[in-house]
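A.B. asks: Got a structure for you, questions after.
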Amino acid sequence: MPMTQTVLDTAVQHPDRPAIVGEDGALTYGELVEDSARVFAAVQALHAGQETPPAPAPETRGIPITAMSVESAFQTARVLVGLSGFRAVSATIDPRWPLEHRVDVVLHTGIGLVITDEEDLAPALRARGWTGTVVGLADFLARVEDAGAQEDTGPPAAEARVAVTAGGTRPALEQPTVRDGDEAFLLLFSSGTTSNPKGFLKTRRQYRANAAISTAHLEPFPGVATLAPGPVSYSLTLYAVVECMVSGGSAHVADSFDPWTIGRRIEEERITRIVAVPAVVRTLTDAARRDPQRFRGLELVVTGGANLPASIRDGLAELLPHVRLISYYGAAEIGFIGDSRVGDGTLISIYDGVDASIRDETGTDVPDGELGTLWILAEACSDGYLAGTTDEVLVGPDGWATVHDQGRLVVDGRLELVGRAGDIAITGGHKVALTEVERAFDGVPGLGAVCAVALPDPALGSVVALVVEDGEDSPPTKESLRAHASAHLAPQFVPRRWYRVSGLPRTVGGKIRRESTADIVRAGEAQRL
């Protein structure tokens, strides 16, 4: 069912059910429908007030684009969901991206309105000749309230579609309606940390297909309270908010994951489901160790966005044995692809309705068990990247898409993931998956985070090196690490060089940046062990 239809129906049937709950605000479904009309009125007025509005990306078919770039997960979710029932395209820009990236995505996609609580964006955009509007978050919220104050009395918002005042002199605020499936409504970005972000659109039909898979497998049931901590600019968090609205559930959001307050929120807000990246799941386990009683109502943890070390699953099972853990795999451009319910999350059962193919460099299917590039055929896949942001191809002529993840199909039809193309090293003629090297060190006592990189070698082409991050007071020695590697890895996978750094470079989402790690080693800034 379309998200807007579920929101409207829930607002009538369960008006007091929490819809979006955050650290700085909350809306029930009844309030959400009324609020969405005011949000759209404020956005529409700001777009209409522009003398020379920026032209939105042609792929939007003329629909103006509104972007949120604020720290508040609640306000971001509120605006994103609020605009979903109108002719509008929404985008979320992480305020922690480098300023150059934030400016580029606005200019290259034709975003016309930016709502932000950052002071550096407006002057940077003006300096580049942008003709759109930047409005501060506080100013925008005041405009939303003002739109509500000026609205004439009409039928209840949850039931109204087009209402006029008793005198017929002025229409009430436009109300949310179910839109055509081919209409774009979300502008997303593939990255924003190591290169200029690539933009892509999601139509309503594509998101409905994605939500159909999510609701069938990841259990965002009606009335279920889901906690999704982290910026809504993360596709994982954004998907969690949308799937809750599609099912009539409650989306509880947080600007970041706070281990000191998470237990209280789970208990007080009756959270039964959490959607988070693996690093948050590890911290969740640590928080539950301090106060396990607050977590007794938790039933399901859904994780994605990065590899799931087996130690995280084992730690959660040991401390909270009643809590199930689903590790899903997907790509923001493509949608949900499959999930794993045991082990380290690298062996994926592909969802019904999603087809997978492993191909070599020529585009030819490879035999089962052989490593190659993963291609996906799915209804939820975007049509392609916006031409203004990249010339990279997402979807091939045959309709199959790839984000260049590497993997192999095993005998039973499951997918074994090994990472992106940059996660594969060629050493002595052997293909080595650097992610598999890293997983071999999961759970080694005293070892912090690690990153495997490929370094140039005149004889072998490249060699595998392991970079370890300082952490424990008594870290393992190089000799013990080498012995562990020899016992758990094939010879060609065993690192030949070993380094230590005080801190591994990470994205704003906490993922280790492999190429930046290799740069540190090549620059001589890592300690050779």
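The values are calculated or read from the model by the stated rules, or taken from the named source; none is laboratory data. Just so it is clear, the model here is predicted, and its values are computed rather than measured. Cβ coordinates were reconstructed from backbone atoms using ideal geometry, including for glycine residues, and neighbour counts include every protein chain displayed.
A.B. asks: Restricting the first residue to the stretch 512-527 and requiring it to be in contact (Cβ under 8 Å) with a residue 24 or more places away in the chain, which pairs with a second residue that is polar (S, T, N, Q) and surrounded by 19 or more Cβ atoms within 10 Å (Cβ to Cβ) meet a Cβ separation below 9 Å and a spacing of at least six or different chains?
C.D. replies: From the stretch 512-527, the pairs are Ala526/Thr517.
A.B. asks: Ok, one more. So which of Ala147, Ala142 is over 25 Å from Ala240 (Cβ atoms), touching a residue at least 60 places away in the same chain (Cβ under 8 Å), among the aliphatic types (A, V, I, L, M) and surrounded by fewer than 23 Cβ atoms within 10 Å (Cβ to Cβ)? Walk me through it before giving the result.
C.D. replies: Values: Ala142 fails: touching a residue at least 60 places away in the same chain (Cβ under 8 Å).
Checking each option against the conditions leaves just Ala147.
Condition check ((1) among the β-branched types (Val, Ile, Thr); (2) surrounded by fewer than 21 Cβ atoms within 10 Å (Cβ to Cβ)) across all residues:
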{"position": "Val7", "(1), (2)": "yes, no"}
{"position": "Gln13", "(1), (2)": "no, yes"}
{"position": "Arg17", "(1), (2)": "no, yes"}
{"position": "Ile20", "(1), (2)": "yes, no"}
{"position": "Glu23", "(1), (2)": "no, yes"}
{"position": "Thr28", "(1), (2)": "yes, yes"}
{"position": "Leu32", "(1), (2)": "no, no"}
{"position": "Val43", "(1), (2)": "yes, no"}
{"position": "Gly49", "(1), (2)": "no, yes"}
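A.B. asks: Turning to a different aspect of this structure: Can you tell me which condition Gln492 does not meet? The list is (1) in contact with a His (Cβ under 6 Å, 6 or more places away or on another chain); (2) assigned to a strand (DSSP E or B), and all the others hold.
C.D. replies: For Gln492, the failing item is (2).
A.B. asks: Looking for whichever is touching a Phe, Trp or Tyr at 6+ places or on another chain (Cβ under 8 Å) and assigned to a strand (DSSP E or B) here; the options are Gly345, Gly330. Which one fits?
C.D. replies: On the way: Gly345 fails: assigned to a strand (DSSP E or B).
Exactly one of Gly345, Gly330 is touching a Phe, Trp or Tyr at 6+ places or on another chain (Cβ under 8 Å) and assigned to a strand (DSSP E or B), namely Gly330.
A.B. asks: Counting only residues that are surrounded by fewer than 24 Cβ atoms within 10 Å (Cβ to Cβ), of a type in the set (A, V, I, L, M, F, W, C), more than 16 Å from Tyr207 (Cβ to Cβ) and under 18 Å from the mean Cα position of the chain (by Cα), how many does the stretch 68-112 have?
C.D. replies: Adding up the residues that qualify gives 2.
A.B. asks: Kindly indicate the residue of the stretch 361-412 that is among the acidic types (Asp, Glu) and within 24 Å of the chain's Cα centre (by Cα) and also nearest to Gly330 (Cα to Cα) among those meeting that condition. Give the steps one after another, and end with the answer.
C.D. replies: Looking only at the stretch 361-412, we keep the residues that are among the acidic types (Asp, Glu), and these are 361, 365, 368, 370, 379, 383, 391-392, 398, 405, 412.
Restricting the remaining residues to those that are within 24 Å of the chain's Cα centre (by Cα) gives 379, 383, 391-392, 405.
Working: Glu379: 13, Asp383: 16, Asp391: 22, Glu392: 19, Asp405: 10 Å.
The extreme case among them is Asp405.
A.B. asks: Now for a separate question. Can you run down the residue pairs with Cβ atoms below 8 Å, 6 or more apart or on separate chains, where the first is in the stretch 44-55 and of a type in the set (Gly, Ala, Ser) and the partner is surrounded by 14 or more Cβ atoms within 10 Å (Cβ to Cβ) and part of a helix (DSSP H, G or I)?
C.D. replies: Correct list of pairs: Ala45/Arg143; Ala45/Ala147.
A.B. asks: I've got another one for you. Specify which of the listed residues (Ala459, Ala483, Ala454) is modelled with pLDDT under 90 and among the small types (Gly, Ala, Ser).
C.D. replies: Details: Ala483 fails: modelled with pLDDT under 90; Ala454 fails: modelled with pLDDT under 90.
Ala459 is the lone residue from the list that is modelled with pLDDT under 90 and among the small types (Gly, Ala, Ser).
A.B. asks: Identify the residue in the stretch 326-350 that is in contact with a helix residue (DSSP H, G or I) (Cβ under 7 Å, 6 or more places away or on another chain) and surrounded by fewer than 23 Cβ atoms within 10 Å (Cβ to Cβ) and, among all such residues, is modelled with the highest pLDDT.
C.D. replies: Going through the stretch 326-350, the residues in contact with a helix residue (DSSP H, G or I) (Cβ under 7 Å, 6 or more places away or on another chain) turn out to be 332, 335-336, 339, 343-344.
Remaining after also requiring surrounded by fewer than 23 Cβ atoms within 10 Å (Cβ to Cβ): 332, 339, 343-344.
On the way: Ala332: 92, Asp339: 95, Gly343: 82, Asp344: 79.
Ranking the qualifying residues of the stretch 326-350, first place goes to Asp339.
A.B. asks: Which of the residues spanning the stretch 273-297 are in contact with a Gly (Cβ under 9 Å, 6 or more places away or on another chain), surrounded by fewer than 19 Cβ atoms within 10 Å (Cβ to Cβ) and either closer than 18 Å to Thr226 by Cβ or in the same structural domain as Ala251 (by TED's automatic domain parsing) (or both)?
C.D. replies: Once the filter is applied, which keeps residues that are in contact with a Gly (Cβ under 9 Å, 6 or more places away or on another chain), surrounded by fewer than 19 Cβ atoms within 10 Å (Cβ to Cβ) and either closer than 18 Å to Thr226 by Cβ or in the same structural domain as Ala251 (by TED's automatic domain parsing) (or both), the stretch 273-297 yields only Arg294.
A.B. asks: Tell me, yes or no, whether the stretch 393-402 has at least one residue that is surrounded by fewer than 18 Cβ atoms within 10 Å (Cβ to Cβ), at pLDDT below 85 and either closer than 27 Å to Val463 by Cα or of a type outside the set (S, T, N, Q) (or both).
C.D. replies: no
A.B. asks: Name the single residue that is farthest from Ala37 (Cα to Cα) among those in the stretch 73-98 being in contact with a Pro (Cβ under 9 Å, 6 or more places away or on another chain) and polar (S, T, N, Q).
C.D. replies: Top of the filtered list is Thr92.
A.B. asks: Of all residues being assigned to a strand (DSSP E or B) and either of a type in the set (D, E, K, R) or out of contact with any strand residue (DSSP E or B) (no Cβ under 7 Å at 6 or more places or on another chain) (or both) in the stretch 351-392, which is surrounded by the most Cβ atoms within 10 Å (Cβ to Cβ)? Just the residue, please. Can you show your working first?
C.D. replies: Of the stretch 351-392, the ones assigned to a strand (DSSP E or B) are 355-359, 365, 372-377, 385.
Narrowing the set further to residues that are either of a type in the set (D, E, K, R) or out of contact with any strand residue (DSSP E or B) (no Cβ under 7 Å at 6 or more places or on another chain) (or both) leaves 355, 359, 365.
Numbers: Asp355: 11, Arg359: 16, Asp365: 13.
Among them, the one singled out is Arg359.
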